[in-house]
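Novice: First the structure, which I've put down as structure tokens, then a few questions once you've had a look.
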Amino acid sequence: MKIWIDADSCPKPVKEIVERAAKREKLQLIFTANRKIPLEEHELFTMVVTEAKDQSADLYIVDNVEAGDLVITRDIPLADELVSKKIDVLNDRGVLYTAENIKERLSVRNFMYELREYGGGVERHSAFGPKEKQAFANAFDRQLRKMLKVSS
């Protein structure tokens, strides 16, 4: 089991939570981005810097993730592709994307994108504060425990 982080837009507190868990459980942690992201040096941590093209980090994850891995991303189209490959995906707010909820999330995301393209509403994310950090930590811990139990 490996943990992947789509690191381009991942909040620092999420990275820290996942780094601590990876060290504790001795799990490989792979950060992917199309630019260098500062991270703690550790034998279990890898930083993959892809081409500076749009979606290159996402494509790298899709091409290299394996069954039993966990991906952390806020990118809903990426999550949709991974869920269709039966990969566990968690966003930085603690939402576990599943076959049951990803299409609705993708539809809302696409609608909001089109609305912005025509000068309409703006999609807003609330600030990443203690409440969001705790929600992610709880969901991540639940999912990690479940996946570790299955893999052992």
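The values are calculated or read from the model by the stated rules, or taken from the named source; none is laboratory data. What you see is a predicted model, and the numbers here were worked out from it, not measured in a lab. For neighbour counting, all protein chains shown are included, and Cβ atoms are generated from backbone atoms with ideal geometry for every residue, glycine included.
Novice: Which of the residues spanning region 113-130 are in a helix (DSSP H, G or I) and either of a type in the set (Asp, Glu) or at pLDDT 95 or above (or both)? Before you say what the answer is, go through the steps one by one.
Specialist: Initial filter on region 113-130 (in a helix (DSSP H, G or I)): 113-117, 130.
Result: 114, 117.
For every residue, the table says whether it meets (1) among the β-branched types (Val, Ile, Thr); (2) on the phi > 0 side of the Ramachandran plot; (3) touching a strand residue (DSSP E or B) at 6+ places or on another chain (Cβ under 8 Å); (4) surrounded by fewer than 13 Cβ atoms within 10 Å (Cβ to Cβ).
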site: 2; (1), (2), (3), (4): no, no, yes, no
site: 6; (1), (2), (3), (4): no, no, yes, no
site: 13; (1), (2), (3), (4): no, no, no, no
site: 17; (1), (2), (3), (4): yes, no, no, no
site: 46; (1), (2), (3), (4): yes, no, yes, no
site: 75; (1), (2), (3), (4): no, no, yes, no
site: 81; (1), (2), (3), (4): no, no, no, no
site: 86; (1), (2), (3), (4): no, yes, no, yes
site: 95; (1), (2), (3), (4): yes, no, no, no
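Novice: For region 1-104, please list each of the strands (runs of 3 or more DSSP E) lying entirely inside it that holds at least 3 residues being touching a residue at least 60 places away in the same chain (Cβ under 8 Å) and either over 16 Å from residue 139 (Cβ atoms) or within 15 Å of the chain's Cα centre (by Cα) (or both).
Specialist: Hits in region 1-104: 2-6, 70-72.
Novice: Sticking with this structure for a sec: Looking at this structure, is residue 71 more than 29 Å from residue 127 (Cβ to Cβ) and β-branched (Val, Ile, Thr)? Outline the logic, then answer.
Specialist: Values: more than 29 Å from residue 127 (Cβ to Cβ): no; β-branched (Val, Ile, Thr): yes.
Against the criterion (more than 29 Å from residue 127 (Cβ to Cβ) and β-branched (Val, Ile, Thr)), residue 71 does not qualify.
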